[in-house]
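Colleague: Below is the structure I would like to discuss, written out as structure tokens.
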Amino acid sequence: MENNSSRIVREFLSLSKYKKIAAILILVICLGAGVGIPFIIEKSNVSPPKTPPQIKEVPQNITPTVSVPISASLKLSSDKTNYKMGDNVMISINLDSGTYGIGAADFIIDFDPKVLKPTLITIGNYFKVIANQSIQSNFVKISSLAEVTETDINFPSGKGLVATIQFDILSQSTQSAITIDKEKTIIASNGKNILDKTEDVTISVNP
């Protein structure tokens, strides 16, 4: 019959490499306490401890991405800048609002009444609703709105022609500016004036 010592040795030899090392370590630690080998082997049969889950550190100083609004730009353009007496000056008002829908807009275009006289406003394709258009002594005003239907409100956006203003020439001038009044012109989107960049036109009138 197999004695206890032989059985213990056989059980020890049958242990895996990890369990043998664990048994030896436990033996070294426990010899002073008088703990027997059978107890050590029994304890060494415990499955190796699982590796604790790793916790990934989350960076604390992350700057959130902020979407910067695209401001609207308004440009005056003409097919030419050099005119002579008797010509008609055609000035186009071009709006680019990017992806922002426009709810309402007021366009104020200034000119020199000694040189030019506006005679006609032709509405472009950008706005379908024109609330007001008027010719004053030294400026032209055009007011536009988003289109309201029975089921929806259509906010125009992107690039388009607001209007074309026709001027008669009254006198010669080496330089006569047609300008956007940036203080009074409003391009409203979500209750805010998003007008940023403007571009004016300067013409010359020769005999």
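The values are calculated or read from the model by the stated rules, or taken from the named source; none is laboratory data. Treat the numbers as computed from the prediction; the structure is a model and nothing was measured. Here Cβ is always computed from backbone atoms with ideal geometry, including for glycine, and neighbour counts include all displayed protein chains.
Colleague: Just give me the residues in the stretch 130-180 being over 24 Å from ASP110 (Cβ atoms) and among the hydrophobic types (A, V, I, L, M, F, W, C), in sequence order.
Modeller: ALA146, VAL148, ILE153, PHE155
Colleague: Quick one: in the stretch 114-125, of everything that is in contact (Cβ under 8 Å) with a residue 40 or more places away in the chain and in a loop (DSSP other than H, G, I, E, B), which residue is surrounded by the fewest Cβ atoms within 10 Å (Cβ to Cβ)?
Modeller: Out of the qualifying residues, it is LYS114.
Colleague: Go through the residues of the stretch 81-89 one by one and say whether even a single one is surrounded by 17 or more Cβ atoms within 10 Å (Cβ to Cβ) and either modelled with pLDDT of 95 or more or assigned to a loop (DSSP other than H, G, I, E, B) (or both).
Modeller: yes
Colleague: Select from the stretch 185-207 the residues that are among the polar types (S, T, N, Q) and out of contact with any strand residue (DSSP E or B) (no Cβ under 7 Å at 6 or more places or on another chain) and write down the one among them that is surrounded by the most Cβ atoms within 10 Å (Cβ to Cβ).
Modeller: SER189
Colleague: Tell me, please, whether a residue that is part of a strand (DSSP E or B) and surrounded by fewer than 17 Cβ atoms within 10 Å (Cβ to Cβ) can be found in the stretch 98-107.
Modeller: No: zero hits.
Colleague: Taking ILE142 as meeting all but one of (1) touching a Ser or Thr at 6+ places or on another chain (Cβ under 7 Å); (2) crowded, with 19+ Cβ neighbours inside 10 Å; (3) under 16 Å from ILE121 (Cβ atoms), write down the number of the exception.
Modeller: The one condition ILE142 does not meet is (1).
Colleague: Of everything in the stretch 164-184, what is of a type in the set (S, T, N, Q) and surrounded by fewer than 20 Cβ atoms within 10 Å (Cβ to Cβ)? Give them in sequence order.
Modeller: Within the stretch 164-184, THR164, GLN166, SER171, GLN172, SER173, THR174, GLN175, THR179 meet the criteria.
Colleague: From ALA163, ALA131, ALA188, grab the single residue that is assigned to a strand (DSSP E or B), touching a residue at least 12 places away in the same chain (Cβ under 8 Å), under 24 Å from ASP87 (Cβ atoms) and not aromatic (Phe, Trp, Tyr).
Modeller: ALA163
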